[in-house]
Amino acid sequence: MAAAARRWFGIADWIVELRYPKVLGSQWGDEGKGKLVDVLAEQFDIVARCQGGANAGHTIYNSEGKKFALHLVPSGILNEGTLCVIGNGVVVHLPGLFKEIDGLESNGVSCKGRILVSDRAHLLFDFHQIIDGLRETELANSFIGTTKRGIGPCYSSKAIRNGIRVCDLRHMDTFREKLEILLKDAASRFKGFEYSIAMLNEEVEKYKKFAERLEPYIADTVYIMNESITQKKKILVEGGQATMLDIDFGTYPFVTSSSPSAGGICTGLGIAPRRLGDLIGVVKAYTTRVGSGPFPTELLGKGGDILRTAGMEFGTTTGRPRRCGWLDIVALKYCCQVNGFSSLNLTKLDVLSYLQEIKLGVSYKQLGGKKLESFPADLSVLEQVQVDYEVLPGWNTDISSIRSYKDLPEAARRYVERIEELVGVPIHYIGIGPGRDALIFK
Ligand code: GDP
Ligand code: IMO
Ligand code: MG
């Protein structure tokens with residue numbers, strides 16, 4: 001117990017120094033961002049989400065081992081003293097948000113006065129979800145494999161400038177007109193979606209009630225975040241998705257529609273770049289991806305099945321089986337470059353425990369054998385790269401109850417240190433299980 005307290009005390013000092021760490025995904029999502037945020041949250045006054053929406057699925061466990069799956073509510077919610085902010089860059093589906101809040105409340109997690117929603121955040125409507133599905137059907141074999149949570153259509157409304165924001169809920173007369181334009185626009189574009197006045201009336205009535213319920217949560221979060229920084233409050237930012245799914249830096253078009261990399265923190269919360277502080281990249285000890293798109297280190301067949309079963313790799317949001325493969329160092333280095341991570345959290349090291357050997361994808365060769373210098377933009381190149389692997393020995397023993405880095409088997413330490421060497425960023429946290437305490441501080 002004393003050792004645990006010392007360890008916590010040590011880490012607490014270090015975290016306070018960081019003051020505004022940001023936890024971002026550094027692969028294709030589902031790296032375990034939620035768990036790290038939940039573990040760190042007790043050191044912070046505020047946990048804020050800056051982008052994405054209910055496409056995110058963050059699984060966390062409370063100290064009694066009870067499981068929670070969060071989508072829009074930041075993963076700081078289980079820590080009573082933490083204020084959770086949903087920033088201006090997030091797209092908010094109110095029926096989903098209230099369902100999540102009700103679920104938390106019925107499980108004894110008080111949300112009252114603990115969640116703020118930006119008045120600048122865009123509202124994601126049911127019809128956005130419907131046309132997300134219709135778009136995927138239209139794409140036929142080239143479908144993206146979205147979560148069908150309406151993310152692309154809602155960010156499209158935002159970008160084309162007919163979106164509806166949280167602050168618009170305060171003006172129900174113009175809200176109706178704006179929603180009518182949106183619904184008619186969608187109906188004119190998509191055969192499978194029909195506009196009717198009854199639908200508009202029903203939606204407006206629903207949103208009148210939502211507006212009333214949301215009122216106490218609505219805030220100018222840009223002002224609050226900046227005031228909190230001035231008052232030296234401790235702020236932790238939780239990213240959704242990950243850099244390889246970033247609309248600019250990811251494997252476009254097989255990406256999401258927001259900016260899950262570092263830039264999204266500034267645009268999604270209104271925090272100036274020079275006030276950003278340290279960034280922690282969360283990286284799984286292997287790679288997973290849900291949905292379509294290139295995945296150079298993917299293991300098809302039995303190899304992938306072994307990782308999927310051991311890591312229980314099924315989506316938190318959609319339940320889809322995740323595609324699995326070896327850790328891709330080329331993609332990880334690219335993510336470190338784009339985000340400037342100060343440290344990494346290597347998660348799910350325990351999942352690799354019973355493999356005889358473990359591979360690291362260390363470089364890509366183009367067709368013809370030429371080594372690529374950087375992560376390619378061109379998917380026709382990426383789809384055909386040949387990956388060079390380094391093979392490391394496995395450790396063939398359970399590591400899930402180890403809590404100190406020096407107690408890890410030598411082969412596990414070698415794996416961790418080889419990753420640090422290859423990417424040039426220190427690994428400060430190592431996940432060896434899903435529970436709160438299953439974390440080694442290195
Ligand atoms: P996120 O979207 O990045 O928050 O990640 P998800 O919650 O979607 O997926 C990560 C999954 O791995 C969750 O089910 C976590 O409970 C689990 N998890 C997180 N860290 C570890 C770890 O170190 N070991 C194991 N075995 N599971 C982990
Ligand atoms: P968290 O926060 C993993 C993927 C989808 C699809 C692509 C586009 O839990 O890490 P979208 O619905 O956003 O238009 O889908 O992005 N995707 C995720 N994959 N984790 C996520 O979030 C994801 N959010 C979106 O599977 O390939
Ligand atoms: Mg997830």
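The values are calculated or read from the model by the stated rules, or taken from the named source; none is laboratory data. Please read these numbers as outputs of a predicted model, since none were measured by experiment. Every residue, glycine among them, receives a Cβ derived from its backbone with ideal geometry; neighbour counts consider all protein chains shown. Surface areas here come from the heavy atoms of the whole protein model, side chains and all, with no ligands, DNA or RNA. Shrake-Rupley method; radii C 1.70, N 1.55, O 1.52, S 1.80 Å.
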**OP:** Output yes when any residue across segment 111-128 is within 10 Å of ligand 2 (Cβ to nearest atom), open to solvent by less than 20 Å² (accessible area, probe 1.4 Å) and not β-branched (Val, Ile, Thr), and no when none is.
**Re:** no
Original post:
Which residue out of Val330, Val387 is assigned to a helix (DSSP H, G or I) and either open to solvent by less than 70 Å² (accessible area, probe 1.4 Å) or within 30 Å of Lys148 (Cβ to Cβ) (or both)?
Top reply: Val330
**OP:** For segment 134-154, indicate whether the set of residues that are farther than 16 Å from Thr316 by Cβ, out of contact with any Asp or Glu (no Cβ under 7 Å at 6 or more places or on another chain) and open to solvent by less than 10 Å² (accessible area, probe 1.4 Å) is non-empty.
**Re:** yes
**OP:** Test Gly325 against the criterion of being open to solvent by less than 50 Å² (accessible area, probe 1.4 Å) and either in the same structural domain as Gly293 (by TED's automatic domain parsing) or not hydrophobic (A, V, I, L, M, F, W, C) (or both), and give yes or no.
**Re:** yes
Original post:
Just wondering, is there one or more residues in segment 202-219 that are modelled with pLDDT of 95 or more, surrounded by 24 or more Cβ atoms within 10 Å (Cβ to Cβ) and within 15 Å of Val90 (Cβ to Cβ)?
Top reply: no
**OP:** Could you identify the single residue in Val282, Val362 that is of a type in the set (A, V, I, L, M), within 16 Å of ligand 2 (Cβ to nearest atom) and either touching a Gly at 6+ places or on another chain (Cβ under 9 Å) or not in a helix (DSSP H, G or I) (or both)?
**Re:** Val282
Subject >> Flag for Val290 being among the aliphatic types (A, V, I, L, M), open to solvent by 30 Å² or more (accessible area, probe 1.4 Å), under 17 Å from the mean Cα position of the chain (by Cα) and within 16 Å of ligand 1 (Cβ to nearest atom) >> reply: yes
**OP:** Among what's in segment 300-319 and is more than 11 Å from ligand 1 (Cβ to nearest atom) and out of contact with any Cys (no Cβ under 6 Å at 6 or more places or on another chain), pick the residue that is farthest from Gly394 (Cα to Cα).
**Re:** Gly319
Original post:
Being open to solvent by 10 Å² or more (accessible area, probe 1.4 Å), modelled with pLDDT of 95 or more and either within 16 Å of ligand 3 (Cβ to nearest atom) or under 23 Å from Leu344 (Cα atoms) (or both), is that true of even one residue in segment 81-96?
Top reply: yes
**OP:** May I ask you to verify whether Leu360 is of a type in the set (A, V, I, L, M, F, W, C), over 25 Å from the mean Cα position of the chain (by Cα) and buried (at least 18 other Cβ atoms within 10 Å of the Cβ)?
**Re:** no
Original post:
Of all the residues that make up segment 5-47, how many are of a type in the set (A, V, I, L, M), modelled with pLDDT under 95 and touching an Asp or Glu at 6+ places or on another chain (Cβ under 8 Å)?
Top reply: 1
Original post:
Counting only residues that are within 18 Å of Leu236 (Cβ to Cβ) and out of contact with any strand residue (DSSP E or B) (no Cβ under 7 Å at 6 or more places or on another chain), how many does segment 72-108 have?
Top reply: 4
Subject >> Subset of segment 34-80 (residues that are open to solvent by less than 10 Å² (accessible area, probe 1.4 Å) and among the charged types (D, E, K, R)) >> reply: Asp38, Arg49
**OP:** Would you point out the residue of segment 61-75, among those that are closer than 22 Å to Pro95 by Cβ and not β-branched (Val, Ile, Thr), that is farthest from the chain's Cα centre (by Cα)?
**Re:** Phe68
**OP:** Scan Arg165, Arg213, Arg170 and give me the residue that is under 31 Å from the mean Cα position of the chain (by Cα), touching a residue at least 12 places away in the same chain (Cβ under 8 Å) and farther than 24 Å from Gly52 by Cβ.
**Re:** Arg170
Original post:
Given the structure, is Leu279 open to solvent by less than 50 Å² (accessible area, probe 1.4 Å), more than 16 Å from ligand 3 (Cβ to nearest atom) and within 19 Å of Gly29 (Cα to Cα)?
Top reply: yes
**OP:** Select from segment 296-318 the residues that are open to solvent by 30 Å² or more (accessible area, probe 1.4 Å), within 16 Å of ligand 3 (Cβ to nearest atom) and assigned to a helix (DSSP H, G or I) and list them in ascending order.
**Re:** Arg308
**OP:** With the condition kept exactly as written, say whether any residue in segment 220-230 is modelled with pLDDT under 95 and of a type outside the set (S, T, N, Q).
**Re:** yes
